[in-house]
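Quick notes on the structure that follows.
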Amino acid sequence: MASVFEDTFVCQEVDMVYKDPRNPALGKVREKKFDRVSRLVAESLHHKASLTLDVHSQLFPVRAGDRFLLSLMPSIRLDGAPCDGTFDQSGAPTIVGRYDYVMCGKVFQQQSEDARTAAVFISFRRPVDVFERQSQYY
């Protein structure tokens, strides 16, 4: 199955929040809101994309400076059939075995600020993960 988007990302920060969201100039501090969830901020190497992503930190520990491959696909099933939201126990082949960490979700909003910048909001049944990309085509 082909990816809709694929790139290598470099993690810039983990669990960092602004001291005062109304005044970003005050800087950031490390703050972990959930025991087993970390919020990553990462930049892609090839597509000028930025990513804010919540991951299970015990299953997929990531530190600032780490690199990881992100693939966005329309389905985890090899035949491309959409997922119905239930755990598939049929044994049908999926892409899950090809990756260290897999999350299934739904795109619930897309925004285009201009012809070169787009944001995609994806829900994985937990805090929202945001993927922003600047088009390489000007």
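Quick note: the coordinates plus some simple rules give every number you see, no bench work behind them. Keep in mind that what you see is a predicted model, and the values were worked out from it rather than measured. Virtual Cβ from ideal backbone geometry, glycine too; neighbours counted across all protein chains shown.
Neighbour counting of Cβ atoms within 10 Å sorts the residues 46, 56, fewest neighbours leading, into 46, 56. Under 5 Å between amide hydrogens, built in the peptide plane, is the criterion, and for residue 7 it picks out 70 among residues at least 5 positions away or on other chains. The ranking of 31, 43 by Cβ neighbour count inside 10 Å, starting from the fewest, reads 31, 43. Normalised by 2.2 N^0.38 Å, where N is the number of residues, the alpha-carbon radius of gyration of the chain equals 1.13. Counting every other Cβ atom within 10 Å of each residue's Cβ, 68, 108, 34 order from fewest to most as 108, 34, 68.
Ratio of alpha-carbon Rg to the 2.2 N^0.38 Å globular estimate for the range 42-90, to two decimals, please. Spell out each step's value before the answer.
Numbers: Rg = 14.5 Å, N = 49, 2.2 N^0.38 = 9.7 Å.
Taking the Cα Rg and dividing by 2.2 N^0.38 Å, one obtains 1.50.
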